[in-house]
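Every number in this text was worked out from the coordinates using simple rules, so none of it is lab data. Since we're looking at a predicted model, the values are computed, not measured. Glycine also receives a Cβ, built like all others from the backbone with ideal geometry; neighbour counts cover every protein chain displayed.
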Amino acid sequence: MEGNSGVGKTISEKILGAHSGSETTAGEIVIAELDYMMAQDGTAPLAIRSFEGMEGNAVARPERVALCIDHNAPSPLRSVSELHAIMREFAMKYGLELNDVGEGVCHQVMLDKAHVVPGSLVIGADSHTCTYGAVNAFATGVGSTDMAAGMLSGSLWFRVPETIKVTVGGTLPAGVFAKDIALMMVGDITADGATYMALEIGGEAISGLDLDGRLAISNLAVEMGAKAGLMEADEKTLEFFEGRAGREFEPVSPDPDAVYAREIEYDVSELEPQVARPHTVDNVTAVGQVEGTPVSEGLIGTCTNGRLADLRAAAEILKGRKVAPGVRLIVAPASREVMLKALAEGLIEVFTEAGGAVMCPGCASCVGTHQGIPGDGENVISTANRNFKGRMGNPEAFIYLASPATVAASCVEGKIADPRRYA
Amino acid sequence: MVIRGRAHRFGDDINTDYIISGRHKFKTLDMDELACHVMEDLDPGFYERCQEGDFIVAGKNFGCGSSREQAPLALKHAGVAGVLAESFARIYFRNSINNGLLALVCDTSQIKDGDELEIDVEEGIIRDMTFGLEVKSSPLPKVMLDILEEGGLVEYMKKHGRLSLEPDGA
């Protein structure tokens, strides 16, 4: 394939190159060694079946594999319990790390335990694996059989993606958060605007965000079709890994003359809180357009917005207030570590006193299996990343996506509300 | 290989939650059971109408959303011979090929619901026998063709033990 060899490289080209032992350029196909791989309870049982079908008798690098029980945890059904048992048995047999019920959402567990580090190459049998791009890892979602091939051989094939450079300038106004930047981007770039491509996201507004906010933005990269949502590592990134990472790592920056497929610039200085309306993530509008829409359920949590900064933002609004009559607020911290910190800060107390229902760390009702399936005709306002029809378990319900602050304010008022009034 | 079947027309951005809902897929690994629920939130009765060897014809970004491999597997078990789309989301695309389910990128704008299609898989030619139209599909990268030729990634890995970009696929 015609290359750009001799000119600058993007983060994707550099990480995939370093892991395949070759100079790579967008468009090329490489086989690259994986630093880590993960599967959750919706994908691991099938990965195990595929692994057995491949007649493998060993996992190539068992110390690089984690299985997580988070999507359907604790099990709400006998049949699900049987699938969880398959995961526990497989992990035991091959010496893999198993993160059982209550450990948290797979993506936050991978970060808390520093299985992902800057510059690493990671796959996950979950589409939101792109979240780790925020800590400078080339991380992408795969299916179960690709996961099985990774476990068996320690490597996988990749097409080196073209990159869209996104520069987010300005400073966020009060009451407007990283999630609003993410939704704005999905609305603008659309659900397939970055298909097969990587995003490199940077700029003044991104530097100004804490790590939790950056993770929320990279989390939504796949909602634009992107393969990865990469950011450069800075002192905040390094601070997170200090004392956490058990191994050496090397952050990767793009060359100044890297070649991009497209460059997009935003200024968020006057950004309003954003809401994605049913039933697509790119159906985004300013909160004012949907203000007053009645809501029956609020969800604060998930791999998008279940982190400490998210819980703090929600608690700030909910402190001393009550959830409106007729509204149920579900709160699920993203991981055990987040839960413990939220407890120590008194946030769990705030949610409970406000009338919320706090779940164990995990995916909660995001994927429609348990812990808050909405009723027919009900509107839900959620901090999650998908609002597809039926996503939360009922095709007759309507899901709106927003920031934790917008969800908290909406639960207090019983209708979609502008969180800036509480800022 | 030339295969024939009827077109079932869908639009853009058909996500994997629509193909097989999370409320079903987390419960079981029995793909025949999942197949009964394929497309049900979007098009109730699809499973009953779908005949062995039929095709799904969609717009852009087919298979977006969740990484669930149950999506192409449930389609396959429902009798679907392949999906024709303007474009595919990348995880679905890999999953489909990894399970030996045809995924062809082509101009689908003229193909209508119920049209009889004839597909020459090797040549990548799609003939709409009802409409009298012929379109060509974009070629797959070699690594995907190798996987497809082995009948999927499980069979490929069983035979070779690892992935390879070498000409013989070894």
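Annotations for the structure displayed:
- Couplings for the stretch B:38-52, taken from phi via the Karplus curve 6.51 cos²θ - 1.76 cosθ + 1.60 with θ = phi - 60°, read 4, 6, 5, 6, 9, 9, x, x, 4, 4, 5, 7, 6, 9, 3 Hz in order; Gly and Pro are left as x.
- Close amide H partners of residue A:299, meaning residues 5 or more places away or on another chain with modelled amide H under 5 Å apart, are A:330, A:381, A:382, A:383.
- Sequence-distant residues sharing a close amide H with residue B:103 (under 5 Å, placed H): B:83
- Taking chain A as a Gaussian network of alpha-carbon nodes connected by springs under 10 Å, the highest mean-square fluctuation of the residues A:277, A:88, A:78 belongs to A:78.
- The phi torsions of the stretch B:155-160, fed into the Karplus equation with coefficients 6.51, -1.76 and 1.60 and a -60° offset, translate into couplings of 5, 4, 5, 4, 7, 9 Hz, rounded to whole numbers, with Gly and Pro shown as x.
- Longest segment of chain A lacking GluC sites (Glu not before Pro) that sit in a DSSP loop with at most 10 other Cβ atoms within 10 Å: A:3-241
- Per-residue mean of foreign Cβ neighbours for A:42-48 is 4 (Cβ atoms of other chains, 10 Å radius).
- Residue-wise HN-Hα coupling along the stretch A:79-89, computed from phi with Karplus coefficients 6.51, -1.76, 1.60 (Hz; x: Gly, Pro): 5, 5, 4, 5, 5, 4, 5, 4, 5, 4, 5
- Contact order relative to length of chain A, as percent, for alpha carbon pairs under 8 angstrom and 6 or more apart: 18
- Expressed as a fraction of 2.2 N^0.38 Å, the value expected for a compact globular protein of N residues, the C-alpha radius of gyration of chain A is 0.94.
- Each helix, a run of at least 4 DSSP H residues, gives -39500 (n - 2.57); summed and divided by the residues of chain B, these come to -7000 deg cm²/dmol at 222 nm.
- Test item: B:95-105 mean partner chain Cβ contacts at 10 Å: 2
- Debye log10 I(q)/I(0) for the stretch B:1-93, one point scatterer per Cα, at q = 0.20 Å⁻¹: -0.90
- 10 Å Cβ shell holding at most 15 others, DSSP loop, GluC sites (Glu not before Pro): longest site-free stretch of chain B: B:53-121
- Rounded to the nearest 500, the helix-only mean residue ellipticity at 222 nm of chain A stands at -8500 deg cm²/dmol, with each DSSP H run of n ≥ 4 adding -39,500 (n - 2.57).
- Whether chain B is rounded, prolate or oblate, judged on the alpha carbon gyration tensor where a/c under 1.5 counts as rounded: oblate
- In the stretch B:84-170, one over the average inverse separation of all distinct C-alpha pairs is 14.1 Å, which is the Kirkwood hydrodynamic radius.
- The length gained by stretching the chain between residue A:235 and residue A:63 to full extension, at 0.36 nm per residue less their Cα-Cα distance, is 59.1 nm.
- Range in chain B, longest, excluding exposed trypsin sites (Lys or Arg not before Pro) [loop by DSSP; at most 15 other beta-carbon atoms within 10 Å]: B:1-111
- Of the residues A:65, A:117, A:30, the one that moves most in a GNM of chain A with alpha-carbon contacts below 10 Å is A:30.
- For residue A:264, distant residues with modelled amide H under 5 Å away: A:165, A:166, A:167
- In this structure, the residue pairs whose Cα-Cα separation is over 30 Å, taken from A:93/A:227; A:389/B:159; A:227/B:158; A:236/B:60; A:165/B:112; A:415/B:112, are A:93/A:227; A:389/B:159; A:236/B:60; A:165/B:112; A:415/B:112.
- Mean separation of Cα contacts under 8 Å (6+ apart) over length of chain B, as relative contact order %: 23
- For the stretch A:39-184, the alpha carbon convex hull comes to 138 Å³ per residue, rounded to a whole number.
- Top of B:126, B:91, B:19 by mean-square fluctuation, Gaussian network on chain B, Cα under 10 Å: B:91
- Stokes-Einstein, applied to the Kirkwood radius of the stretch A:274-422 over Cα pairs at a viscosity of 1.567 mPa s and 4 °C, places its translational diffusion at 89 µm² s⁻¹.
- Residue A:395 sits among other residues whose Cβ lies under 11 Å from its own Cβ, and their net charge, with Lys and Arg +1 and Asp and Glu -1, is -2.
- Within 10 Å of each Cβ in A:390-396, the average number of Cβ atoms from other chains: 5
- Farthest towards the positive end of the charge dipole of the protein assembly as shown, among the residues A:74, A:195, B:144, is the Cα of A:74, using unit charges on the Cβ of Lys, Arg, Asp and Glu.
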